[in-house]
Structures are given as structure tokens and as C-alpha cells.
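The values are calculated or read from the model by the stated rules, or taken from the named source; none is laboratory data. Here the structure is a predicted model, which is why all the values come from computation and not from measurement. As a convention, Cβ positions derive from the backbone with ideal geometry for all residues, glycine included, and neighbour counts pool all protein chains shown.
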Amino acid sequence: MRKIEIVPAASSLLQSLRGLGYSPETAIADLIDNSIAAGAATIAVDLDWNEGDPVARILDDGRGMDEDALVKAMCFGGDGPTGGRAQDDLGRFGLGLKTASLSQCRCLTVVTRKAGASATLAWDVDAVIAAGRWDALVPDPPPASAQLEDLSAHENGTLVQWDRMDAIGGLSGLDREAFFQRVRDIGAHLGMVFHRFLGGDARRVAISLNGRPLKGWDPFQRSHPATITMQSEPVRHAGKVLTVTPYVLPHRDRFANEAEWEAAGGPGGWGERQGFYVYRGRRLLVPGGWLGLGGTRAWTRDEASRLARIAVDLPTDLDADWRIDVRKSQARPPGRLRNRLTVIAGLCRDKAREVFAWRGSRAKGQLRHARPQDDIWAAGSGSARYRIQRDHPAVRAVIGAMNGNAGMVEGLLSIIERSVPVERIWLDVSEAEGAASPALQSDEIATLAAQLAAVIATMPVSTPVEERVDQLIRHLPGDMSALRSAVLQNLKATP
Ligand SMILES: Nc1ncnc2c1ncn2[C@@H]1O[C@H](COP(=O)(O)OP(=O)(O)O)[C@@H](O)[C@H]1O
Ligand SMILES: [Mg+2]
């Protein structure tokens, strides 16, 4: 058979590869993957605005490369997806270094040191276009910088530099303020993607951004005492085991303040960050979302499920099955796992909805155990029907005190129950991202305390007075200790 070798046209293929759709954060994350795979313990990311002509530098203290290794590293598609990879190798397609970098800039320079010897190589988009050949450049000397000096002082390490960023990326053409806002977003993204390395869950790696150490963001808030860790499930697939651990995060009321709640929500906020967190080699690939799973209709991110977050740990050799894309920002579970994952996620979503709907926290000294009739509202599960429990001690007391006019109160309660503005509440809660109820003002406390004291005085005296107070206020949201003592004060004043 006759063969004709067809070499791809360098200039047009290179320009297409630039348009794979990386954002600055996914591109930088890809370089950090390389540094981690090279055994780096410290990685310094520097993003210099440079009067609107930004330069990015990523310096690591990993094992570095000799000149041959650097030539291979700069080859597009060098070690592709089929070659076996070590468990801690976060690479996959043999493209990241080149495609991620050139998605942001027109000139990529790599300076690397191994055993004290340096090698430098650059891909310059304009040079490739002009020559129409895959000719990499050997700049001599490499572009000077503080980072280069730092590298030169070490035996091993690698510096990746992006120059001449252009509009195809996300960092050029920004004014100073917009640029540094972008840098902050990038920091948040990196703190999320590499949280297991930053937090020491995996091999500890220190990453800095413009000189500031990055802090890891734990999606599962495992240090919060009210986080629920559900049973972790080993799931077998293709002879390998992956671990699935569902978490239900605490209700908003359980966070000390607004700032903590916001921080726990993570980059993009609570609504966005629910669902599956897929890790490969301890590096986060998919930060939330329901992976197209669900019942007859795929689940969408909804308000009531926002406290559900599920960790999935993939070994690196299973990623072909999960259809990891080049940018490492998407993964799809293999067909045979979908049912199993749907069941696990369904349980987690149910539990999360329960926690979401639970309002109110116990004030200090309040009753620990509540019986079902202690709830004023009874919700029929699944239906949007809400009933006021006629058995609640306070409701019973008020109806009892109506002397033959009980029907009036019954009628009023029925009207209220039948006209709960469910849709309105739903909308308001979603729009406010479930904002916390405002705290009671002192005049509100005074009025409410007097009214509640009147109700409590009619409740059966066989129940101790403090318990009666709690039966009435235990479902109010937030810290009710001030209201509680005001009610007790009122009751003491009126014997
Ligand atoms: N910071 C680095 N330190 C040492 N070697 C590196 C570094 N970055 C890239 N390399 C080498 O270059 C190769 C190609 O990298 P890349 O294009 O990102 O593809 P992949 O990571 O999928 O292999 C890597 O497999 C690695 O051998
Ligand atoms: Mg890589």
C-alpha cells in the first residue's frame, strides 16, 4: 500500500489549539498540575499587570528537566492519553503545558534546571506562523526576572513564563483594578482546585499568588461541628474501587456570621457549588453540579439541595471512562455507574433538604428533646400543605380559652393554613439565597414577649413555666435567648 505522510499545517493548527477554551484559572491550574507531578513542594504564581501588557510566571522547585526532557515536554501531544501514568501524575494528554499557556499568550518560555544545569525553550506563535514550521526557539539569554534569579539559585526547578498575552485569553486588556479583581478570583479558584494539597490532605504543597500564600477551601467544611458526613460508599467499577462520600453542610443559622457562611459557600456561591466534587489524584476536577444524573429529568442546581456536596475520588487510570476533557474541567460518569451514583446522591439530597428546611436553633438552656406535637407547623412531606398542629400546647390553650368561641380561632387557623404563600416564599428565599431572618429589635422583643407571656399564662400549669416558654419559641430562627428572658420576666411580673 502506498503511504503519504501529511504533516499538519503548523500555523493554522497552532491557532486552532489556542482556542480550546481555557480560562486563566484553568490554564494556571494545568501548569500547577505539572509542578505537582514534578514533585514540587513550593509553587509561586506571579501575575504582573505590567501596565496592561501582563506577564505570568509560574516557578516551582520540582525535579526539573534536562534539555532532552524539555524538548519532549514542549512537543504537542508528547505523552498522550494512552501511556500508563503514575498515580500522582496529574497530566493526561501531553498538551497542557502548551495549549493551556498559548490559550493565554503568544509566547511561552520554559526555563528549567536539573542538577544545576539550565535549559530554555520557547514557543512563539508569531514565529511559527511566519515560518509555517514547528520550530521552537532557544532564547539566549532567557527573559530576566526575579523568578529567574530565584531559579538560578537552586539545583532543580522549572519556570514557565507567558508573554504577549492577547484577547484570546482572559488577562489582557484589563485596567489595573479589573486585573487585580481577576487575580483574586484566580486565587479563589486555585484554593478550591488544590485544597487537598494546600490543606495537607494529600502531599502538602505550598502555593503562593503574587507573594501571598494561598489557603485551601474545603468544600465539605469538615472542621465545622455541624457538618454531617454520611456513610462513605466504595463503588466498584472496571476492577477498581472509587470512593464516594456524601456530606450535608450545616444550615445557615449554624454559621457564626455572614462572612463565614459566604466563605463556606465558596467561589461562585452556595447555589453553584452543590453536588458532586470529582477528584482525580486528589486534584479537584469537577467543583459541583449533578453530572446529568437524576430521575426522569436531570437534577438541576436548586436552592433546597444546596447543602448537599458529594466527594468522588477517581484513581488516575479510570479517567478515560469518565471522559475527562483536555481542560480537566469536565467529567461524565460511565453509564454503568449512573444508577448507583443517583441512589447515593438522592439520599444526600433528601438529607440536605431536611437540614435546609430546619429553622431555629436551641437557645442555651432550652429543652433538648422535642416531641412531634411540639412543632407548631406540620408539613405533609412532599405536598405543599402546611397545617398548624391543634395539639400544640399553646394552640390548645388559646382555643380552650375561647369559651365556646373556639370555632372563630379554628376558622382563622384554617384560612391561614390554606393560604400559605408557598410560591412567594419560595421565590423570596431563592432570590435572597436563603438570607437569614433579621434579628429581633429590642422594641419587637418587648411587644412579642408581652404577647407570648399572655399565651403562656393560659397553658396548663402542670408544665413548668420554662418548658412552656420553650414549647412556644423553640422554632423561632436565630438566637432567642433575649426573647426568652423577656418572656420569663413578663410572666414573673404578672402572677
Ligand atoms: N513544571 C514541570 N516540571 C517538570 N516537568 C514538567 C513540568 N511541566 C511539564 N513537564 C513535563 O512536560 C510534559 C508535558 O506536559 P504537558 O504538556 O502538561 O502534558 P501532560 O502533563 O499531560 O504530560 C510532562 O509530562 C512533564 O514530563
Ligand atoms: Mg500537564
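Among the residues making up segment 202-223, those that are touching a residue at least 40 places away in the same chain (Cβ under 8 Å), of a type outside the set (S, T, N, Q) and surrounded by fewer than 16 Cβ atoms within 10 Å (Cβ to Cβ) are Arg203, Arg204, Ala206, Gly211. In segment 166-178, the residues that are free of Cβ contacts under 8 Å to residues at least 12 places away in the same chain reach residues that are in a loop (DSSP other than H, G, I, E, B) with C-beta atoms within less than 9 angstrom, at least six apart or across chains, in these pairs: Ala167/Gly173.
Could you look through segment 108-118, keep only residues that are surrounded by fewer than 22 Cβ atoms within 10 Å (Cβ to Cβ) and away from ligand 1 (no atom under 11 Å from the Cβ), and pick out the one that is nearest to Pro143 (Cα to Cα)? Before the answer, list the steps.
Kept after step one, since they are surrounded by fewer than 22 Cβ atoms within 10 Å (Cβ to Cβ), are these residues of segment 108-118: 114-118.
Cutting the leftovers down to away from ligand 1 (no atom under 11 Å from the Cβ) gives us 115-118.
Working: Ala115: 21, Gly116: 19, Ala117: 17, Ser118: 13 Å.
Taking the candidates together, the pick is Ser118.
Return a yes/no flag: does segment 241-263 have any residue that is farther than 19 Å from Arg306 by Cα, not assigned by TED's automatic domain parsing to the domain that holds Asn34 and not polar (S, T, N, Q). The answer is yes, given that some residue of segment 241-263 is farther than 19 Å from Arg306 by Cα, not assigned by TED's automatic domain parsing to the domain that holds Asn34 and not polar (S, T, N, Q).
Annotation: of all residues in segment 119-131 being away from ligand 1 (no atom under 14 Å from the Cβ) and not hydrophobic (A, V, I, L, M, F, W, C), the one that is surrounded by the fewest Cβ atoms within 10 Å (Cβ to Cβ) is Asp126.
Taking the criterion of being more than 37 Å from the chain's Cα centre (by Cα), closer than 20 Å to Ala56 by Cα and touching a residue at least 40 places away in the same chain (Cβ under 8 Å), the only residue of segment 121-144 that qualifies is Ala136. For segment 25-47, taking the residues that are in contact with a Lys or Arg (Cβ under 8 Å, 6 or more places away or on another chain) and within 14 Å of Ala202 (Cα to Cα), the one that is farthest from ligand 1 (Cβ to nearest atom) is identified as Ala41. Scanning segment 444-459 for residues that are at pLDDT 85 or above, farther than 20 Å from Gln389 by Cα, outside any helix (DSSP H, G or I) and not hydrophobic (A, V, I, L, M, F, W, C) turns up nothing.
Which count do you get for residues in segment 288-330 that are over 30 Å from Arg252 (Cα atoms) and either touching a residue at least 40 places away in the same chain (Cβ under 8 Å) or in contact with a helix residue (DSSP H, G or I) (Cβ under 7 Å, 6 or more places away or on another chain) (or both)? It would help to see each step written out before you state the result.
Going residue by residue through segment 288-330, those that are over 30 Å from Arg252 (Cα atoms) are 296, 314-328.
Okay, now just the ones that are also either touching a residue at least 40 places away in the same chain (Cβ under 8 Å) or in contact with a helix residue (DSSP H, G or I) (Cβ under 7 Å, 6 or more places away or on another chain) (or both), so 314-322, 324, 326-328.
Of the residues in segment 288-330, 13 are over 30 Å from Arg252 (Cα atoms) and either touching a residue at least 40 places away in the same chain (Cβ under 8 Å) or in contact with a helix residue (DSSP H, G or I) (Cβ under 7 Å, 6 or more places away or on another chain) (or both).
Name the residue, out of Ala352, Ala363, Ala406, Ala394, that is closer than 29 Å to Ala308 by Cα, at pLDDT 85 or above and not hydroxyl-bearing (Ser, Thr, Tyr). Ala352 is the lone residue from the list that is closer than 29 Å to Ala308 by Cα, at pLDDT 85 or above and not hydroxyl-bearing (Ser, Thr, Tyr). Within segment 409-421, which residues are under 30 Å from Asp302 (Cα atoms) and in contact with a strand residue (DSSP E or B) (Cβ under 8 Å, 6 or more places away or on another chain)? Listed by number, the residues that qualify are Ile416, Glu417, Val420. Kindly check whether there is at least one residue in segment 299-309 that is at pLDDT 90 or above and among the aromatic types (Phe, Trp, Tyr). Checked segment 299-309: at least one residue is at pLDDT 90 or above and among the aromatic types (Phe, Trp, Tyr). Ala29 falls short of the stated requirement of being crowded, with 22+ Cβ neighbours inside 10 Å, more than 12 Å from ligand 2 (Cβ to nearest atom) and modelled with pLDDT of 95 or more.
Does Glu51 meet the test of being surrounded by fewer than 19 Cβ atoms within 10 Å (Cβ to Cβ), charged (D, E, K, R) and not in a helix (DSSP H, G or I)? Lay out the reasoning, then the answer.
Values: surrounded by fewer than 19 Cβ atoms within 10 Å (Cβ to Cβ): yes; charged (D, E, K, R): yes; not in a helix (DSSP H, G or I): no.
For Glu51, the condition - surrounded by fewer than 19 Cβ atoms within 10 Å (Cβ to Cβ), charged (D, E, K, R) and not in a helix (DSSP H, G or I) - is not met.
With respect to being among the basic types (Lys, Arg) and touching a residue at least 40 places away in the same chain (Cβ under 8 Å), Arg184 falls outside the description.
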